[in-house]
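Asks: If you scroll down you'll find the structure; I have some questions about it.
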2 protein chains.
Amino acid sequence: MGLRCAGPTPRRWPPTVPSFRIHFLPDDQEISVNDGQTLLEAARRANVYVGAICGGEGTCGKCRLIVREGEVEGESTEFLTREEIRRGYVLACQVVPRSDLVVEVPPESRLSGYVGIGGEDSERFRDFTLRETAAPAPRLDPVVKKVFLTLPEPTIDDPTADQERLLGALARDRQTPLQMGLKISRQLPYALRKVVRQRGRVQWSWDGRVTATVGVRGPVLEVLSVEPGDTSDRNFGLALDIGTTTVVAHLVDLVRGTTREAAAKYNSQLSFGADVIGRINYARQPHGGEDLQRAIVKDIDTLIQDLEVRSQIARGDIQCIVAAGNTAMLHFLLGLEPDLIRLSPFTPAAASPPPVRAAEIGIRVNPRAILYTLPMIGSFVGGDVTAGIMASGMHRADEVSLLIDLGTNGEIVLGNRDFLVACAASAGPAFEGGSVACGMRATCGAIDTVRISPNGDRVSVSTIDGGRAVGICGTGMIDAMAQLFLAGLVDRGGRFQVDRCPARFQLSPEDDRPEFILVPPAEAENPRGIVITQADVENLVRTKGAIYAAAACLVNSVGLSFADIQHLYIAGAFGNKLDVANCVTIGLLPDLPTDRIHFIGNSSVAGAKLAMLNEKWMAEMYRIRERITYEELMVNPRYMEDFLSACFLPHTDLAQFPSVPEPASLTASQGAAPAAASVEWDDPACKRGAVL
Amino acid sequence: MGLRCAGPTPRRWPPTVPSFRIHFLPDDQEISVNDGQTLLEAARRANVYVGAICGGEGTCGKCRLIVREGEVEGESTEFLTREEIRRGYVLACQVVPRSDLVVEVPPESRLSGYVGIGGEDSERFRDFTLRETAAPAPRLDPVVKKVFLTLPEPTIDDPTADQERLLGALARDRQTPLQMGLKISRQLPYALRKVVRQRGRVQWSWDGRVTATVGVRGPVLEVLSVEPGDTSDRNFGLALDIGTTTVVAHLVDLVRGTTREAAAKYNSQLSFGADVIGRINYARQPHGGEDLQRAIVKDIDTLIQDLEVRSQIARGDIQCIVAAGNTAMLHFLLGLEPDLIRLSPFTPAAASPPPVRAAEIGIRVNPRAILYTLPMIGSFVGGDVTAGIMASGMHRADEVSLLIDLGTNGEIVLGNRDFLVACAASAGPAFEGGSVACGMRATCGAIDTVRISPNGDRVSVSTIDGGRAVGICGTGMIDAMAQLFLAGLVDRGGRFQVDRCPARFQLSPEDDRPEFILVPPAEAENPRGIVITQADVENLVRTKGAIYAAAACLVNSVGLSFADIQHLYIAGAFGNKLDVANCVTIGLLPDLPTDRIHFIGNSSVAGAKLAMLNEKWMAEMYRIRERITYEELMVNPRYMEDFLSACFLPHTDLAQFPSVPEPASLTASQGAAPAAASVEWDDPACKRGAVL
Ligand code: FES
Ligand code: FES
């Protein structure tokens, strides 16, 4: 390929900057970088995933790499121990190469899943997201539908033009005005007739059988494409939940109303920042917004590829995409300015962005397919919440319901057919990922169940895949917290009670405060072991306090109390693994009868599917958006009071939590023994997930 | 520019085809062509205009060139005399070069105007097209309007998103639903605020003063663009009349409702075929449709450039284009399949094409500007007729009116507020251009006035520009015909009466029939002189017969007679130069009192302007289209009868033409003497246009 010229050797430009080759293990990727680029930048360019939760600021300590060969230069950091530095550990964002390198990405930075979540893990997501929602199944009338028509042949008495002939037939049973793009008018004569060309002669013969694909675009129905013959049996849609952490895609058969396949992967934007604020800050950089958009579009593409292979349905048959997500994620997806989301008075660029051609933002499905983004309520209550309301059906019920989305933001909605109010708890990502010392997302190696014996000396854990523990995920953190509390290892104020079991505690190298050893280093797939720090506990208490207080405030703002709540819907990817009793024990959820508490799983993707399957339901999404009132808690004086009272386990006011047992430290004979046989943390069977 | 390699000389591919250089005079253009390409193709590629009315079929004889140096090869043709061939004349489409050539384009093939109509000629078009129409001036509410708004600053109590804030304000006094593209939602935060960027920091400060440009798109109003501050004083539109022969553009100030400038040029598609059918045939070739579209888009660009220079208004301020034209021209413009227009049952691809982004078809105005094409009634009654009805106001009147468009197709509309019927006479281009032996368009050198003394021996002519005669245009043909008839040189059956003045006749070299010498070769800018052949007379009689019969048929079909017509509107670029008495004399127009006959000039561009200036009027265009009934004359048995009766001068039934005087041959004392002093054809003063 390419021509070679004889003559002087070509010079590199600029000539003074040397470049180095970096070889990444275990992926066996190689890339050359210019002087001055960090290892994190190199990894990004080589498409090697390195956890970089703070986006390369040097403040999260998650971008750990091991330099196996070669020289690097950079500052030392408190995130690495002496021993680790001796073994070659570096923070990828803080060092630049000084020679060619061989670099290994250790498991805790890899966290698998970057190139898609394979096998079991994917099934797990499917499981979360395919479950039935509380809402009734809609009558099928998808937002993009295929209509097969047989149009009568034009005659001298009725020479109506092709375009008007088609539009007339389509308009017959419809109120919505129809629109048709020029491209379609150009193709229509060919779709309606057989054409034979011979040496400049064109022979037309009428056929009239045609399938029109029509899609809702605000107040009009647009004819998106026309095809000869009857293709009305092949019509698919993609429902997306674009989470800050995870992107979930469901392939929906719009003719039959069934989900054909589901897939999920991590949001690649994680390497630009773990949370919304980190990514908005990243977007301020030149081309930052484009990087974010490209990352999510690439993720969607990966998911579509996965769905194509598994379902044997071509992406060209996907005629629409409905995307749910929080306000920032949808702004990133559409390339809307996100900066104002984080600045008072928190005004998004758009709350109901127009439907656009999916191709316009680079998503490769049918070139005429429409991308709908679900309407957002405000900067902190996004299209995922609109979807959640829809999926729960709470906006149509007589009884009052409370919806809590345990995502990164902790959005809460209260209401029924007569009123809807929403707020965001600004909970922060205390359940998983970056702000937890050993936090990780719910994937291979993540601890998701914890049991601690009443006297605190026996600990058993299991991981999602039954493999060796790499870190702890959100469900695991809530479990651990409840168990630590019930075993008396943490007091009501959230302070470790080291005396109760000194052997399980050590001092944290970071802040010299005690930390609880969940899995010692020798037994974990992580050289630091798995610990829960005092800071983790404080974070979690703050987060659960914020959510509980926000819910209490919201319920109170309309003159109700928790007792009036007939249904409490819990949304979020925690899914059915989440233990209601543990959630109540730590005071995250109000102490309601368990039959009133419903886990609705990923209500975001469920709502997206509902909106896709019936155009009236899509319209209902917009009506929900218009009905709902957003409560800004920051300006509610009661909120801070409620929050402070909720920053205890389970609460300062124990009367609000009658069902929570006394911790073991207070009543040594009680405690929460595991339901199944308990297994010691050092029993190898436990780590393979065989028990619990 | 470019690198040169040492080494063997590069070979041309394919190596066996020699190429020749062709130098065109008087334009001094040079181009190299491969063997096998005709001189017509060479001229097209060199952007040298050569009249090629049959599109290169060898059947029009209009693509005459003079080979000054070099060798060509090709068939001989009956369109050239022996003498002409001796002098180097060739038909460009019939010969290929055999050596490098120097070639001259003679005046009769040049017909000026290809690169735009300069100076006087342009003024002439302006004059045609700026005249007042019969319709009242509309209240200003243009289809694309600029709205200046001052939006209140968002607060914590009202953090409404930017998009919804703008749409809410715009929706205030409007019923039409609003739409907004993603691009606009992307820009809006910047339009509403002042932004200061410093090293990754972004400072936003609210301004709120914004101008939104909104345009009608079918049932919705689309926000086309947003600009900071108040730009509502600068809003322009382009009204286009895309004729088969001429393209006219008016630059309209949409704020003041005035026409700022007008420009016109020939339709460059003429080199692909003189009439609609020729061009539709051309469109069947591979890329034929694209060639036609490119040609008209380039013409529009040339006109815009002209308007920009003269008005000092930038094309970026043109926010909308409204194009009128016959069905084929609008199909070519939009790239719609035109082939079905000419095939029974004459079904166009689209009758009301959707508004499109002008940029989508390559017109460079404001990138967000909308191009509206006026709705068409059928294959032979286009958007120019809808415009004409609108401009005349006949569809709103109590009295019955008849509208005759003397364009190439001869469209006729009859009606009032209660009914509207239309038909097309399929007149053919008998008034000008290709089918007339010495026909040419109304430009420099075209004879437009003819007077013949009652005894037939004295003839005076004048040309549009007062220069030497090159050919004869439509107005001139009608004049000549009436004068020949009144002087007794043509009988009622359309046969030349050679005996009345043998000196003015000669035998045609083509068909050996007599032809009338209007200007002898020595006095004309055309080596053949200017003649009117027997075939020309027969053509004209057929054409006027077709139009008259069509009008009669249409009037009759609703049970009326010409006497019931209160207003006869004559549309077409003939404008005020057309002599009503002459039109009646030859039986082209019904013999109505002259105060009922109104020349409304270019009603096509006038209608386009009306549609542009008021969105209700645009909507009215579509209602006209829906109200109107198209009469297919081809299936009306009465039409052929009426047509045969009308193929006489003025008609078989003289009672229908009481005001037409007896020809001189019958009453030697009468005749139609010129109104002003008559001047002999060989008086040099006449040819400078000083008299009449
Ligand atoms: S410390 Fe390196 S990415 Fe956060
Ligand atoms: S004869 Fe050459 S173009 Fe018509």
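The values are calculated or read from the model by the stated rules, or taken from the named source; none is laboratory data. From a predicted model like this one, the values you see are computed outputs, not experimental measurements. Every residue, glycine among them, receives a Cβ derived from its backbone with ideal geometry; neighbour counts consider all protein chains shown. Each accessible area value is taken on the protein alone, full model and side chains, heavy atoms only, with ligands, DNA and RNA left out. Shrake-Rupley method; radii C 1.70, N 1.55, O 1.52, S 1.80 Å.
Asks: Which of the numbered conditions does B:R256 fail, given that it passes all the others? Conditions: (1) surrounded by fewer than 23 Cβ atoms within 10 Å (Cβ to Cβ); (2) charged (D, E, K, R); (3) closer than 22 Å to A:R199 by Cα.
Replies: With (1) surrounded by fewer than 23 Cβ atoms within 10 Å (Cβ to Cβ); (2) charged (D, E, K, R); (3) closer than 22 Å to A:R199 by Cα applied to B:R256, the lone miss is (3).
Yes/no per residue for (1) in contact with a Phe, Trp or Tyr (Cβ under 8 Å, 6 or more places away or on another chain); (2) under 30 Å from A:E164 (Cα atoms); (3) surrounded by fewer than 20 Cβ atoms within 10 Å (Cβ to Cβ):
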{"site": "B:F562", "(1), (2), (3)": "no, no, yes"}
{"site": "B:H567", "(1), (2), (3)": "no, no, no"}
{"site": "B:G572", "(1), (2), (3)": "no, yes, no"}
{"site": "B:L578", "(1), (2), (3)": "yes, no, no"}
{"site": "B:A581", "(1), (2), (3)": "no, no, yes"}
{"site": "B:G601", "(1), (2), (3)": "yes, no, no"}
{"site": "B:W617", "(1), (2), (3)": "no, yes, no"}
{"site": "B:I624", "(1), (2), (3)": "no, yes, no"}
{"site": "B:L633", "(1), (2), (3)": "yes, yes, no"}
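Asks: Which residues, counting only those in segment B:188-201, are open to solvent by less than 90 Å² (accessible area, probe 1.4 Å) and either modelled with pLDDT of 95 or more or within 8 Å of another protein chain (Cβ to nearest Cβ) (or both)?
Replies: Passing the criteria: B:L188, B:P189, B:Y190, B:A191, B:L192, B:R193, B:G200.
Asks: When segment A:304-332 is examined, which residues are found to be of a type outside the set (K, R) and surrounded by fewer than 24 Cβ atoms within 10 Å (Cβ to Cβ)?
Replies: Selection gives A:I304, A:Q305, A:D306, A:L307, A:E308, A:V309, A:S311, A:Q312, A:I313, A:A314, A:G316, A:D317.
Asks: Given the conditions (1) more than 13 Å from B:M612 (Cα to Cα); (2) open to solvent by 10 Å² or more (accessible area, probe 1.4 Å); (3) at pLDDT 90 or above, which single one is not true for B:D275?
Replies: So B:D275 meets the others, but not (3).
Asks: Can you give me the ranges of the strands (runs of 3 or more DSSP E) entirely in segment A:202-253 with at least 1 residues that are within 14 Å of chain B (Cβ to nearest Cβ) and open to solvent by 10 Å² or more (accessible area, probe 1.4 Å)?
Replies: Qualifying strands (runs of 3 or more DSSP E): A:209-217, A:220-228.
Asks: Just to verify a result, which residue in segment A:154-166, among those that are touching a helix residue (DSSP H, G or I) at 6+ places or on another chain (Cβ under 9 Å) and open to solvent by 30 Å² or more (accessible area, probe 1.4 Å), is nearest to the other protein chains (Cβ to nearest Cβ)?
Replies: So, considering only residues that are touching a helix residue (DSSP H, G or I) at 6+ places or on another chain (Cβ under 9 Å) and open to solvent by 30 Å² or more (accessible area, probe 1.4 Å), the one nearest to the other protein chains (Cβ to nearest Cβ) is A:I156.
Asks: Do you know which of the residues in segment B:78-106 that are within 22 Å of B:V470 (Cβ to Cβ) and aliphatic (A, V, I, L, M) is farthest from ligand 1 (Cβ to nearest atom)?
Replies: B:I85
Asks: Looking at the structure I just gave you, is B:G587 at positive phi, modelled with pLDDT of 90 or more and not charged (D, E, K, R)?
Replies: When the stated conditions are applied, B:G587 passes them.
Asks: Being under 32 Å from the mean Cα position of the chain (by Cα) and polar (S, T, N, Q) is the filter here; which residues of segment B:503-524 pass it?
Replies: The answer is B:S508, and nothing else.
Asks: Just give me the residues in segment B:345-366 being more than 7 Å from chain A (Cβ to nearest Cβ) and more than 21 Å from B:A611 (Cβ to Cβ), in sequence order.
Replies: B:G362, B:R364
Asks: Sticking with this one: Would you mind stating whether B:S392 is of a type in the set (S, T, N, Q) and open to solvent by 10 Å² or more (accessible area, probe 1.4 Å)?
Replies: The answer is no for B:S392.
Asks: Are there any pairs with C-beta distances below 8 angstrom linking a residue in segment A:623-651 that is under 23 Å from A:H395 (Cβ atoms) and within 14 Å of another protein chain (Cβ to nearest Cβ) to a residue that is open to solvent by 40 Å² or more (accessible area, probe 1.4 Å) and modelled with pLDDT of 95 or more, with the two at least 6 apart or on different chains, and if so which?
Replies: Hits for this filter: A:T629/A:F419.
Asks: Moving on to the next point. Only one of (1) within 15 Å of the chain's Cα centre (by Cα); (2) under 25 Å from A:I377 (Cβ atoms); (3) not charged (D, E, K, R) is not met by A:A262, so which one is it?
Replies: Single failed check for A:A262: (2).
Asks: So in segment B:341-389, with the set limited to residues that are open to solvent by 10 Å² or more (accessible area, probe 1.4 Å), part of a helix (DSSP H, G or I) and assigned by TED's automatic domain parsing to the domain that holds B:G243, which one is farthest from B:D317 (Cα to Cα)?
Replies: Ranking the candidates gives B:R342 first.
Asks: Right, something else. If a residue must be of a type in the set (F, W, Y) and open to solvent by 60 Å² or more (accessible area, probe 1.4 Å), how many such residues does segment B:518-560 contain?
Replies: 0
Asks: So, one more: Within segment B:400-423, is there a residue that is within 14 Å of chain A (Cβ to nearest Cβ) and touching a residue at least 40 places away in the same chain (Cβ under 8 Å)?
Replies: Yes: segment B:400-423 contains one or more residues that are within 14 Å of chain A (Cβ to nearest Cβ) and touching a residue at least 40 places away in the same chain (Cβ under 8 Å).
Asks: Checking the condition among the basic types (K, R), touching a Pro at 6+ places or on another chain (Cβ under 9 Å) and either modelled with pLDDT under 95 or over 24 Å from B:P367 (Cβ atoms) (or both), which residue from B:R165, B:R174, B:R139 passes?
Replies: B:R165
Asks: Follow-up question, since we're still on this one. Please count how many residues of segment A:171-187 are part of a helix (DSSP H, G or I) and more than 10 Å from chain B (Cβ to nearest Cβ).
Replies: 1
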